Amino acid sequence: MVSKSLASATMKPLVLSMLKDGPKYGFQLVYRARQLYEGQIPWSNSKLYPLLHKMEHDGWVESYWKSSDSGPDRKYYRITAEGEKALAKVQSEWQMVNAIWRDLWGPEVAIG
Amino acid sequence: MFNLETALSTWRHQYKYSRSFKGRDLDELEQHLRDQVSFLVSGGAEEEEAFRTAVEELGAYHETETDYRSVAWMKTRDRKEVMREISFFLTMMANYLRVAFRNLKKNKVSSAINILGLSVSIAVALVTYLFVSTVMNQDAFHENSDEIFLVHQVTQEEDGVMWWGNTPMPLGKEIVQSIPAAERVVRLAQSTGNVSYGDADIRASFRFVDPEFMDMFTFPLEAGTYSALTNPDQVILSYSNAERFFGMEDPLGKVLRVRIGDGDPAELTVTGVTKEFPAAADIQFSILMGYDALRLAGEIDSENWATFTAATFVQLRNAADEALVESQLNEAYIDRVNAPDLDWQVTGFELDNLQNLTHNSQNVSRTISGSISMAPVFVLSLISGLLLLLSCFNYMNITIATASRRLKEIGVRKAVGGSRKQLVFQFLAENVELCAMSLVLGLWMAWQFILPGFNAIADVNFEIGLLESWEIWVFLIALVFVTGLASGAYPALYVSGFRPTIIFQGRERLGRRRPLTHGFLTFQFMLAFMTLASGIVLTLNGRYHTNRDWGYEGEHILFFEAFNPAELNVIHTSALQAPGVLDISLSRDAVGYNDQDVDLIIDGKEIEAIEFGVSKGYASVLGIELSAGTLLDDETVRSGTESILVNETFVAEAGWEDPVGQFVNLDSTSYAVAGVMKDFHYNDFFSIIQPVLFKLTPETDNRFVTLRLQEGAGVATSGFIDEQLTAVFPDKQARFFFQDAGFQAFYEESMGISSIFIFVATIALMISCLSIYALSSQNVVNRLKEIGVRKVLGGSSSSIARLVNRKLLIILTLAAVLSSPLAFIGLDALLDDIYAYRMPLNALPFIITYLVILGTTLLTISTQVRSINRARPADIMRSE
């Protein structure tokens, strides 16, 4: 299990990456993240929505409501062009860091 | 039976009132829970279990609320709801205050007790603030105060470095011409003289200054101009002197007849009157004239470096140049100052800022600055802080003691969703509101009672000045908030921690174990004990002084002051014929009225002494006893040798074993010691007796006629002499004093000091009694069943009251035991600081203090007898 601070640092790029595949609502993002993490990265549900709201404020995602079968409407999120640029930047940063780890630690423990 | 909709509704309800969730945030979260429940149910889980898992994974309320709060303000701005949030906040504040006010009204007695205690403490704190800020900011009101410095001369003496406030007269002009960093220089000289206007004929002090005085210092005028500083026949009066001379008349243009120092009579026109000096003004004047007018006081060689002026003020262009100017003075003027007199050799000059003069003046000789002891500042600040602390403890004790009355209120508030944070806020709001009310009442008390009383005792003229000073508002507002938070924090946390379920089940017991409450009460009693002990000690010390021997006759001694030789002659002649006169003597100085500081050389050693210029017989008129030698009688005068009398302290300072016949050098004249006087208090008991000498002075120097009278002859004698004087000088009135009037003035000042402590002790005791009243009332409520049983078994109400409050009495005794040694040490040091001569301390004052506090406590507790009397055992048992 990775540390909370590292988990916290991965949330934003992870959410943007998942939204790149198509619009999603909150629980879908949680479910997909669980599938990817397989329990290795502690995920805080209560932090997801404030993160989405912050990214919406920054213009990286936009939201819309759709009616649901039961209860209140569902809120969907999709990535914007600004969000894709931000994701691209984050990707290059992580890849740079990844290259450094690969040099230091060798290919066996490097990510991906 | 689990119902998802009901569970979701209950879950949503706890978030409903949080301001961190905006718009449809809760809809989004609810839908998340529904989606997760559906997912888990589709995997085989029970709906209730799925719901619990979903809620658990979402996170606890405070976690979720915290995460949403981090972006709440961002969303408020995005949604353009800023004004709405502010409005909500103000509405919430108003609601807190409304509820707080309602609660204060519901608990009138405890609220009144708290407000009263706090008000008095706030009033004392305010007066202390005025005093301390005035003392710490002496002369700071002058616009240029940061750049104004007094020049001091520095000499090296046997026992160390000495500083002198007076400076050579030519120095001022030299500084202006040769030191560029000096923007302006003002010399100040002073003298005393007689001033007559109409029938009034008084002794006054004169100050002479260079014209730049009005630019250097900030003394705005009430009327007229500063033309007197360049016109030697004009004067400027202080506001109080203008009132003294002219009452309601316009002083401008009036002519005063004066005789200053040794000068000739002159007529001076009043051309200016200053506004009243602020309380923080140390440098003041009664009558101000230009420096050139100093010649009215007699011939002075102002170009002579051996002629000194009382003060030389320098205003620097930049205050940071202080050290530079000092070094320039040292380089240029040390030799010139030292040249005229080889017995007077300075080692350097130092500048002292105007605002520091009063704090440093105890170390400076011949300074025009008054001296401020930091002891009153420290003591008053300590007293004020302790009283505030006492009030805070009082509030805490009463709030906790009466908390049982609010159990149900707290239970209901929590049950309907109130968070602990909201409850804490509610209680703090109540407390701050109570403090605000106390502030208003405290301001009124300070204005009406405490400040006028303080001004009378301390002989000052402080005003609250709410409109003149913003600093006082900052102080008051900070005082309210700090006191409110400090006193309210613990009770708020304590009371808000009650659990609703236990309250409604009736299982919440506010236990008798309240160590913190007992600790607060112990501290309150200790404070009350120490302050009351201080008042009693000082009062007993006052009685000690009343019985202490001054070393000379105070009763039946009358002395007259004459302003010129003709007047003196008339008074003397009249005294020889007056009824009831047993003995007469003339003198230049009068014990208890004035004296001269002199420097003598004894076997090459310089000592400072107090000189009284007298004629023969003066010592015997006053009844001063000798321990060796003879008085300055006819034999001494006939012998042709210049003789003096000295006191025992003088002998000790000189190191003589056989003083009679020893010689001292004074003003280049050698004097032989004719006799040794037993030490007497020529001043008061505040100051230590210095070396004193009586020296025969020429008849022409005499100003006082001192008479020893028969008992009861005072009125007749003074009346007779006054008549004789008026017959010769119709516009004169005899100016006379009874010797023991000086004693009375000292006793009144001394009693003033003890009055302050008695007053503070009364307040401390009163506040402690308020706590005792509240706590003992609560004790009765808590032990109602026990009281009922004891009454049934035949116990008397008074014995039950004492039993129920036994712990309070134990706390009182413990406080007395703990505080007695502290009070003893503190008071011993305090007496040493105030008085040079004081009573030795013993256990008696502390025993009296304990008995007073015990009696007051028992009296307070006895008020519970009535409530115990009224308690009917049958009703108590039924309710319990």
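The values are calculated or read from the model by the stated rules, or taken from the named source; none is laboratory data. Note that the structure is predicted; figures quoted are calculated from it, not measured. Positions of Cβ are generated from backbone atoms using ideal geometry, with glycine treated the same way; all protein chains shown enter the neighbour counts.
The set of residues from the stretch B:591-615 being more than 32 Å from the chain's Cα centre (by Cα), farther than 16 Å from B:GLU653 by Cα and of a type in the set (A, V, I, L, M) comprises just one member, B:VAL614.
Looking across the stretch A:61-85, not a single residue is away from chain B (no Cβ under 12 Å), touching a Leu at 6+ places or on another chain (Cβ under 6 Å) and among the hydroxyl-bearing types (Ser, Thr, Tyr). The residues in the stretch B:256-307 that are in contact with a Lys or Arg (Cβ under 8 Å, 6 or more places away or on another chain) and among the charged types (D, E, K, R) can be counted, and the count is 1.
Select from the stretch A:56-95 the residues that are among the hydroxyl-bearing types (Ser, Thr, Tyr) and within 30 Å of B:ARG12 (Cβ to Cβ) and write down the one among them that is surrounded by the most Cβ atoms within 10 Å (Cβ to Cβ).
Filtering the stretch A:56-95 down to residues among the hydroxyl-bearing types (Ser, Thr, Tyr) leaves A:63-64, A:67-68, A:70, A:76-77, A:80, A:92.
Then keep just the ones that are within 30 Å of B:ARG12 (Cβ to Cβ); that gives A:63-64, A:67-68, A:70, A:76-77.
Details: A:SER63: 15, A:TYR64: 11, A:SER67: 7, A:SER68: 14, A:SER70: 10, A:TYR76: 18, A:TYR77: 25.
The selected residue is A:TYR77.
Here B:MET83 does not fit the description of being away from every other protein chain (no Cβ under 14 Å), at pLDDT below 85, assigned to a helix (DSSP H, G or I) and out of contact with any helix residue (DSSP H, G or I) (no Cβ under 6 Å at 6 or more places or on another chain).
Residues are listed down the side, and each one gets a yes or a no for (1) part of a helix (DSSP H, G or I); (2) crowded, with 21+ Cβ neighbours inside 10 Å:
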position	(1), (2)
B:GLU711	no, no
B:PHE720	yes, no
B:CYS769	yes, yes
B:TYR773	yes, no
B:LYS785	yes, no
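Can you find a residue in the stretch A:23-41 that is in contact (Cβ under 8 Å) with a residue 24 or more places away in the chain, surrounded by 12 or more Cβ atoms within 10 Å (Cβ to Cβ) and of a type in the set (Ser, Thr, Tyr)? The answer is yes, given that some residue of the stretch A:23-41 is in contact (Cβ under 8 Å) with a residue 24 or more places away in the chain, surrounded by 12 or more Cβ atoms within 10 Å (Cβ to Cβ) and of a type in the set (Ser, Thr, Tyr). Condition first: over 21 Å from B:ALA486 (Cβ atoms), part of a helix (DSSP H, G or I), under 20 Å from the mean Cα position of the chain (by Cα) and at pLDDT 75 or above. Can you find one or more residues in the stretch B:409-424 that meet it? For the stretch B:409-424, residues over 21 Å from B:ALA486 (Cβ atoms), part of a helix (DSSP H, G or I), under 20 Å from the mean Cα position of the chain (by Cα) and at pLDDT 75 or above: absent. Could you say whether any residue in the stretch B:306-315 is in a loop (DSSP other than H, G, I, E, B), within 39 Å of the chain's Cα centre (by Cα) and of a type in the set (A, V, I, L, M)? Yes, the stretch B:306-315 has at least one match. Restricting attention to the stretch B:19-59, the residues being touching a Ser or Thr at 6+ places or on another chain (Cβ under 7 Å), at the interface with chain A (Cβ under 7 Å from one of its Cβ atoms) and in a helix (DSSP H, G or I) number 3. Kindly indicate the residue of the stretch B:289-338 that is more than 24 Å from B:THR155 (Cβ to Cβ) and of a type in the set (Gly, Ala, Ser) and also surrounded by the fewest Cβ atoms within 10 Å (Cβ to Cβ) among those meeting that condition. Result: B:ALA320. Scanning the stretch B:583-625 for residues that are closer than 19 Å to B:GLN662 by Cβ, buried (at least 16 other Cβ atoms within 10 Å of the Cβ) and of a type in the set (Asp, Glu) yields a single hit, B:GLU611.
Taking the conditions (1) surrounded by 13 or more Cβ atoms within 10 Å (Cβ to Cβ); (2) more than 9 Å from chain A (Cβ to nearest Cβ); (3) of a type outside the set (A, V, I, L, M) in turn, B:HIS13 satisfies each one other than (1). Six or more apart or on different chains, Cβ under 8 Å: which pairs go from a residue in the stretch B:833-844 that's in a helix (DSSP H, G or I) to one that's among the hydrophobic types (A, V, I, L, M, F, W, C)? Could you list them? Between residues of the stretch B:833-844 that are in a helix (DSSP H, G or I) and residues that are among the hydrophobic types (A, V, I, L, M, F, W, C), the close pairs are B:ASP833/B:ALA375; B:ILE834/B:ALA375; B:ILE834/B:PHE686; B:ILE834/B:ILE753; B:LEU844/B:LEU540. In the stretch B:695-706, the residues that are closer than 14 Å to B:VAL591 by Cβ and touching a residue at least 40 places away in the same chain (Cβ under 8 Å) form Cβ pairs under 6 Å with partners that are of a type in the set (Gly, Ala, Ser) and in a strand (DSSP E or B), at six or more places apart or across chains, as follows: B:LYS695/B:GLY613; B:PHE704/B:SER587; B:THR706/B:SER585.
Scoring A:LEU51 on the criteria (1) assigned to a helix (DSSP H, G or I); (2) more than 10 Å from chain B (Cβ to nearest Cβ); (3) modelled with pLDDT of 90 or more leaves a single failure, condition (2). Number of residues in the stretch A:79-112 that are at pLDDT 90 or above and not in a helix (DSSP H, G or I) equals 2. Where helices (runs of 4 or more DSSP H) sit wholly within the stretch B:464-568, those with at least 2 residues that are modelled with pLDDT of 80 or more occupy B:470-496, B:515-547.
Is it the case that B:GLU63 is in a helix (DSSP H, G or I) and within 12 Å of another protein chain (Cβ to nearest Cβ)? Even if it seems obvious, please write down each step before you answer.
Values: in a helix (DSSP H, G or I): yes; within 12 Å of another protein chain (Cβ to nearest Cβ): yes.
For B:GLU63, the condition - in a helix (DSSP H, G or I) and within 12 Å of another protein chain (Cβ to nearest Cβ) - is met.
A count restricted to the stretch A:22-48 and to residues that are more than 9 Å from chain B (Cβ to nearest Cβ) and at pLDDT 90 or above stands at 4.
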